[in-house]
Amino acid sequence: MRIVPVSLGRRSYEIKVGGGLLPRLGVECAALKLGRRCAVVTDSNVGKQFAKSAVESLSAAGFQPVLVAVPAGEKSKCLSRVEKCHDQLAKHRLERKSFIVALGGGVVGDLAGFVAATYLRGIPFVQVPTSLLAQVDSSVGGKTGVNLKSGKNLVGAFYQPRLVLCDLDTLKTLPRREYVSGLAEVIKYGVIYDEPLFARLERDLSKLLKRQETTLRDVVARCCEIKAEVVGLDETESGLRAVLNFGHTIGHAIENSSGYGKYLHGEAISIGQVAAAKLSQQVLGLPADEVGRIEKLFIRAGLPVSIKLDAARRKKLFAAMLLDKKVSAGEIKFVLAQKIGQVVWGQKVPTELIQLAVP
Ligand SMILES: NC(=O)c1ccc[n+]([C@@H]2O[C@H](COP(=O)([O-])OP(=O)(O)OC[C@H]3O[C@@H](n4cnc5c(N)ncnc54)[C@H](O)[C@@H]3O)[C@@H](O)[C@H]2O)c1
Ligand SMILES: [Zn+2]
């Protein structure tokens, strides 16, 4: 097992990464000295696989868990679902010291985290992320929240968990497309922060694609460490945290303009990161061979690196990009790479150049 400490003063906590952690959930929660009542929030897919193990482990450790299952999918990240969860917590008489376990991917983590942040003005919560994206990204950093009809993640709170348990065994049942999509965020950490990690991914990609435990353990732990470090330096998003958005300006526009659901997030940011690497070559002189290494790694992982657009969809994509919050006076701000492992944020790029980078 690897332990990644997240240092946030009084709100510090640990991320534990390894196999066989879910059966230890009860013991781990007992060590946190939380109240006896708790709720395991999960979704219909993850619940089928892992709810029993979570509930049994908690019960064996003396807790009284109630299971709250929501339908799988992004639609569950909404305020009406938050209210339904609150009602179930109240019905089960959860009080201040009671806690919530978020057992699932990023949807469950964001929803359950927000429910925990708001029920009784905040009760403790523990994350058990079960998708690769949730393990390396959404469970770290304390962002919780839900969507509105007018946009994604528009309502939320910064709220830190008391513990994160990344059980690598849970990844075994994750559909391949979801798993590969998560790898796009993993590769991102190499590009933005850590050349040795990037080189390791080049070397060990086939082991990673086979979900080999020791490789996954090291890589997931390193990604958590990087995100925790970046977030620790900039918890409320005033600057540095922006580097985590590498590839996301174009990626989000692809998700938006093609209708959510066509591309998974990881697929969209894979295209976005390769485009950002090409822009980096133009604007910051990122060497051509490094652009090539980046593109090749995404391709080898099985991710898309380009998008074919007719004139109308191209227009829609650029309109979506201009709506992004990182735009000022018609110039879109990008995170760009100087070299693999080092990026700068807030780079203004004229739209003509972006046109060229999105093939
Ligand atoms: N809070 C943050 O900082 C942050 C960061 C990035 C993304 N997010 C959010 O995360 C969400 C996306 O997360 P996601 O990609 O995990 O999506 P998700 O939670 O919808 O999970 C993807 C699919 O995989 C299934 N699944 C998850 N784990 C499984 C497992 N072990 N076995 C079988 N099936 C499993 C889910 O049921 C779902 O169908 C988005 O809502 C996004 O906004 C939040
Ligand atoms: Zn992302």
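The values are calculated or read from the model by the stated rules, or taken from the named source; none is laboratory data. Keep in mind it's a predicted model, so treat the numbers as computed, not measured. Don't worry about glycine lacking a Cβ; one is built from the backbone with ideal geometry, like all the others, and counts go over all protein chains shown.
For residue 159, the conditions (1) surrounded by 24 or more Cβ atoms within 10 Å (Cβ to Cβ); (2) within 11 Å of ligand 1 (Cβ to nearest atom) all hold with the exception of (1).
A single entry from 83, 14, 56 fulfils the requirement of being surrounded by fewer than 19 Cβ atoms within 10 Å (Cβ to Cβ), in the same structural domain as residue 128 (by TED's automatic domain parsing) and within 18 Å of residue 110 (Cα to Cα): 83.
Test residue 140 against the criterion of being among the hydrophobic types (A, V, I, L, M, F, W, C) and either surrounded by fewer than 24 Cβ atoms within 10 Å (Cβ to Cβ) or more than 13 Å from ligand 2 (Cβ to nearest atom) (or both), and give yes or no. Criteria not met by residue 140. Residues that are in contact with a Leu (Cβ under 9 Å, 6 or more places away or on another chain) and more than 8 Å from ligand 1 (Cβ to nearest atom) within region 143-156 comprise 146, 148, 154, 155, listed in sequence order.
Here residue 219 meets the list (1) closer than 26 Å to residue 1 by Cα; (2) of a type in the set (A, V, I, L, M); (3) in a loop (DSSP other than H, G, I, E, B) almost entirely, failing just condition (3). May I ask you to verify whether residue 27 is in contact with a strand residue (DSSP E or B) (Cβ under 7 Å, 6 or more places away or on another chain) and not basic (Lys, Arg)? No, not satisfied. Inspect all residues belonging to region 126-133 and state whether any of them is assigned by TED's automatic domain parsing to the domain that holds residue 299, within 8 Å of ligand 1 (Cβ to nearest atom) and either at pLDDT 95 or above or more than 30 Å from residue 280 (Cα to Cα) (or both). Within region 126-133, none of the residues are assigned by TED's automatic domain parsing to the domain that holds residue 299, within 8 Å of ligand 1 (Cβ to nearest atom) and either at pLDDT 95 or above or more than 30 Å from residue 280 (Cα to Cα) (or both).
For region 301-322, the count of residues that are among the acidic types (Asp, Glu) and not in a loop (DSSP other than H, G, I, E, B) is zero. When residue 312 is tested against (1) under 25 Å from residue 202 (Cα atoms); (2) without any contact (Cβ under 8 Å) to a residue 40 or more places away in the chain; (3) among the aliphatic types (A, V, I, L, M), exactly one condition is not met: (1).
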